[in-house]
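Take a look at the structure below.
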Amino acid sequence: MFFQIDPSNGLAIYDQVVRQMKFAVAGGVLRTGEMVPSVRELARELAVNPNTVARAYRCLQDDGVLETFRGQGLAVTANARERCLADRLQLIRIRIQQVLVEAKQSRLAPQELRAIVEEELQGLGGREE
């Protein structure tokens, strides 16, 4: 599919799957009614335990992002995009807050932090994915 799992990034693997699925929905990569890979397919593709993918899918169902279609599998719900847009902002905001706390604890000056952020944004080249 389009997920990249990084075991060293500090997030649980199931949480990475949840986040990336929400980002895909928010970004229009996955659309309303579109079927997602089965638990086994995605687990094989990501080389992770199927229970990990099943847990991520349960979270996404609980959050109203995915719904079950009997005999067919899981698909993106009708109102998933709005939910995922809001969730994406919140998830990114939390990660930024964590970085800012760490920067403050390390006594990084605000101007140094701003310079780092600007440099990293320029490194992205303004690309939109």
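Read-outs throughout are calculated quantities, based only on the coordinates presented, and are distinct from any laboratory measurement. Treat the numbers as computed from the prediction; the structure is a model and nothing was measured. Cβ coordinates were reconstructed from backbone atoms using ideal geometry, including for glycine residues, and neighbour counts include every protein chain displayed.
Mind checking the range 26-103 for GluC sites (Glu not before Pro) that DSSP puts in a loop (not H, G, I, E or B) and that have at most 16 other Cβ atoms within 10 Å? Working shown, then result.
On the way: sites: E34, E41, E45, E67, E82, E102; in loops: E34.
Loop-located and lightly packed - E34.
Lys/Arg Cβ at +1, Asp/Glu Cβ at -1, dipole of the range 23-129 taken about the Cα centre: which of Q90, V65, L113 is farthest positive-ward?
Final value for the positive-end residue is V65.
Using θ = phi - 60° and the Karplus relation 6.51 cos²θ - 1.76 cosθ + 1.60, list the HN-Hα couplings for the range 23-40 in order, rounded to whole Hz, with x at every Gly or Pro.
Values per residue, Gly and Pro as x: 5, 5, 5, 4, x, x, 6, 10, 10, 3, x, 6, 7, 9, x, 5, 4, 5 Hz.
Determine the relative contact order of the chain: mean sequence separation of Cα pairs under 8 Å and six or more apart, normalised by residue count, in whole percent.
Reported as a whole number, the value is 25 percent.
Let's see if you can work this out: charge +1 on each Lys and Arg Cβ, -1 on each Asp and Glu Cβ, no other charges. What is the dipole magnitude of the range 13-82 about its Cα centre, in debye to the nearest 20? Mind showing how you got there, number by number?
On the way: 9 positive and 8 negative charges, 22 e Å.
About 100 debye.
Which residue, A12, A115, A86, has the most motion in a Gaussian network model of the chain that connects Cα atoms within less than 10 Å?
Maximum among the listed residues: A115.
Taking Cα centroids, how far is the range 76-129 from the range 17-69 in Å?
First find each Cα centre; the distance between them is then 23 Å.
Is it possible to state the helix-based mean residue ellipticity at 222 nm for the chain, with each DSSP H run of 4+ residues giving -39500 (n - 2.57), the sum divided by total residues, to the nearest 500 deg cm²/dmol? What is it? Mind dumping the intermediate values first?
On the way: 5 runs with 76 residues, N = 129.
My calculation for the chain gives -19500 deg cm²/dmol from helical runs alone.
Given Cα positions, please report Rg to Rh for the range 13-82, the hydrodynamic radius being the Kirkwood one.
On the way: Rg = 11.0 Å, Rh = 11.9 Å.
With Rh from the inverse mean 1/r over Cα pairs, Rg/Rh is 0.93.
Among the trypsin sites (Lys or Arg not before Pro) in the range 1-104, which ones are in a DSSP loop with at most 12 other Cβ atoms within 10 Å of the Cβ? Mind listing them? It would help to have the intermediate numbers written out before the result.
Working: sites: R19, K22, R31, R40, R44, R55, R58, R70, R81, R83, R88, R93, R95, K104; in loops: R31, R70.
When the trypsin sites (Lys or Arg not before Pro) of the range 1-104 are filtered for loop state and at most 12 Cβ neighbours within 10 Å, R31, R70 remain.
For Rg/Rh (Cα atoms, Kirkwood Rh), several values are listed as (1) 0.94; (2) 1.21; (3) 1.04; flag the one computed from this structure.
(3)
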